[in-house]
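The values are calculated or read from the model by the stated rules, or taken from the named source; none is laboratory data. Predicted model only: the values in this text are computed from it and were never measured. Cβ placement follows ideal geometry from the backbone for every residue including glycine, while neighbour counts extend to all protein chains displayed.
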Amino acid sequence: MLLFANLDLKPLHPILWRDLHLEGVGRPVEYNPQCDLRALMLRQLEQIPYVKDLVKRLNRSQSMRLACGYQSKVPTEAHFSQMKKRIGVEGFRVIEEWLRHEALRLRESQPLSAVGLIQEACVDGTDLPGWSSRDPNDTCKGRGDPEARLGRGKRGFMLGYESLFLVDMEGFPLGHVEASLNVNEKMLVEPLMDKVLGEDIEVELVAGDSQFESEQVFFSL
C-alpha cells in the first residue's frame with residue numbers, strides 16, 4: 001500500500017475523469033480512474049508484458065490490488081482498453097510529463113533537478129518492433145500497422161520504429177521521441193532536445209556514442 005503513498009494524482013483529475021460522470025444518466029463509474037492509472041504504472045514496474053496478464057496478477061494478489069486502490073474486484077482487459085482510448089495519446093503524454101516533473105521534484109540524490117537543472121545527460125536509441133506483417137503491396141511498410149517502416153535495427157533489418165531517449169547519469173528518463181525505423185537517428189536529436197527543454201528542463205552536458213558525432217547533431221545542440 002505504500003508504493004504510491006507519496007503520489008498525489010489530484011492534479012491529473014481533469015484528464016483521468018474525462019468523459020466520466022458520477023451523477024446523471026448513463027452507466028455509473030465502477031472504478032476510480034486513479035486506481036486504473038496506478039495499475040498501468042504497476043504493470044511497467046513489474047514488467048508485465050500484456051494487460052491480460054496484469055488483470056490476472058491483480059485478481060491473484062491482494063497486495064497489488066491494495067497498492068492500486070482496488071478492493072476485491074478488479075477491472076477487465078476491456079476496461080483498460082476503453083480507458084486508454086478515452087484518455088488518448090495526448091492525455092497520456094501530459095500524464096507522463098507531469099509524473100516526470102514530480103519525480104524530478106522529489107529526488108533526494110539530485111536536489112538541483114527539483115528546479116529543472118540537469119548537469120549531465122546521455123542520449124541513446126533502441127528499436128521497437130512493429131506488431132504487423134509486411135504489406136504485400138509495399139514490403140517497406142506494415143500491413144496492419146501502416147506507420148511501421150522497414151529499416152536497419154541493432155540486429156539487422158526489421159519492420160518497426162525507433163525510440164531516441166535522453167536520461168541523466170543515474171538513468172532517470174528525461175524525455176523521448178519516436179519515429180519509423182527508416183528515419184536516421186541523428187534527425188531525432190533536435191526534436192528530442194526541443195521536447196525536453198520545452199518542459200522547463202536545462203541540460204548542461206549531453207553525451208552520446210560515436211554515431212551522433214556529426215555537424216548536424218552539434219548544430220542542433
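At a glance:
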{"read-out": "Any hit, segment 168-178, residues being surrounded by fewer than 19 Cβ atoms within 10 Å (Cβ to Cβ) and aromatic (Phe, Trp, Tyr)", "value": "yes"}
{"read-out": "Condition broken by VAL177, with the remaining ones in (1) within 14 Å of ASP124 (Cα to Cα); (2) in contact (Cβ under 8 Å) with a residue 40 or more places away in the chain; (3) in contact with a strand residue (DSSP E or B) (Cβ under 8 Å, 6 or more places away or on another chain); (4) hydrophobic (A, V, I, L, M, F, W, C) satisfied", "value": "(2)"}
{"read-out": "Segment 104-122, residues that are under 21 Å from ALA5 (Cα atoms) and at pLDDT 85 or above", "value": "none"}
{"read-out": "Single condition LEU159 does not satisfy, out of (1) within 28 Å of LEU42 (Cβ to Cβ); (2) in contact with a Gly (Cβ under 7 Å, 6 or more places away or on another chain)", "value": "(1)"}
{"read-out": "Set LEU159, LEU192: member being in a strand (DSSP E or B), at pLDDT 85 or above and surrounded by 12 or more Cβ atoms within 10 Å (Cβ to Cβ)", "value": "LEU159"}
{"read-out": "Criterion violated by GLY91 - all others in (1) in contact with a helix residue (DSSP H, G or I) (Cβ under 8 Å, 6 or more places away or on another chain); (2) more than 23 Å from ASN6 (Cα to Cα) satisfied", "value": "(2)"}
{"read-out": "Test: VAL115 is outside the structural domain of PHE165 (by TED's automatic domain parsing), aliphatic (A, V, I, L, M) and exposed (fewer than 13 other Cβ atoms within 10 Å of the Cβ)", "value": "no"}
{"read-out": "Elements of type helices (runs of 4 or more DSSP H) in segment 1-107, at least 2 residues being surrounded by 12 or more Cβ atoms within 10 Å (Cβ to Cβ) and free of Cβ contacts under 8 Å to residues at least 60 places away in the same chain", "value": "33-45, 51-60, 62-68, 77-106"}
{"read-out": "Filter pass, LYS154 being under 30 Å from LEU99 (Cβ atoms), basic (Lys, Arg) and exposed (fewer than 14 other Cβ atoms within 10 Å of the Cβ)", "value": "yes"}
{"read-out": "Filtered residues of segment 195-221 (kept if part of a helix (DSSP H, G or I) and of a type in the set (Ser, Thr, Tyr))", "value": "SER210, SER220"}
